[in-house]
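Report on one structure; see the data block that follows.
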Amino acid sequence: MALFAQLCRLFQRANVDGRETREGRKDADLPSESNEGRRRWTWRMWMALRQTSSPVPVISKKQFEKEEKKLIKEIQLTTEETNELRDRLIYVTEGSMNKRPYHRQNPLYEKLKLKEKEIMTFLHNLEMENMEAQENKQELKKETHFYRNLHSRLLMEENLIKKKSMTLQQESKEVQADWAIIHQRLVELNLSGKDEQEENSNLETPEYQVSETARELGLATAEEDSILQNELPGQEAPAEHHLQHPQSSSDESSSI
């Protein structure tokens, strides 16, 4: 029964395909060349009906498998023939299956078409976004390379500045030491200058001059006394010296 149902479906499909080819040839104003195919299909149908109407003999399993293989081969041949006829029909009409006048639009096919368009637009957008992302990636690579070089340059400049600052600190320490020495020398010079000024001011005062003159007179009298002691005899000299000393002192005071 299953084989009979398959054969019936196959013959129905073949009839539909034959009808479509006849209608297509009529629309294309081509001569009908389907008589041989129709005769072939009717003969096959007659043989199939004859085999089904006759009493089914008892067959073995091997024969059944052979018949099944034959039928499968025939089905394959029929499908190949139908595909060839469809290809010829498409070539004759010079259009796709959708442009045929007897083709019925399938709503599922239309939905699939719309989905295909949406998917294609989505893919196109993805490609454009991918291109933009690649460009942005290249720009980011350039920026990262630039900033890396800049960072290395800044580090080098920082090291140079540190070295310069170290040298400047050493120089500043040396300058500070020199300045301390110079300041000490200046302080010493100022002190010595003040001492000299004080001495000069003391020399210019009258009291210092009187003391100096008195000291000089005392030295002079001491020298005279020593000279007189050397010239006069040993006993008279002291008495005369005592007598003359107040006179000389009085004379010196009067002269002053």
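The values are calculated or read from the model by the stated rules, or taken from the named source; none is laboratory data. This is a predicted model, so every value here is computed, not measured. Here Cβ is always computed from backbone atoms with ideal geometry, including for glycine, and neighbour counts include all displayed protein chains.
This table checks each residue for (1) assigned to a helix (DSSP H, G or I); (2) exposed (fewer than 10 other Cβ atoms within 10 Å of the Cβ); (3) modelled with pLDDT of 90 or more; (4) not polar (S, T, N, Q).
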{"residue": "161", "(1), (2), (3), (4)": "yes, no, yes, yes"}
{"residue": "165", "(1), (2), (3), (4)": "yes, no, yes, no"}
{"residue": "170", "(1), (2), (3), (4)": "yes, no, yes, no"}
{"residue": "174", "(1), (2), (3), (4)": "yes, no, yes, yes"}
{"residue": "207", "(1), (2), (3), (4)": "yes, yes, no, yes"}
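Only one of the listed residues (110, 157) is at pLDDT 85 or above and surrounded by 10 or more Cβ atoms within 10 Å (Cβ to Cβ). That residue is 157.
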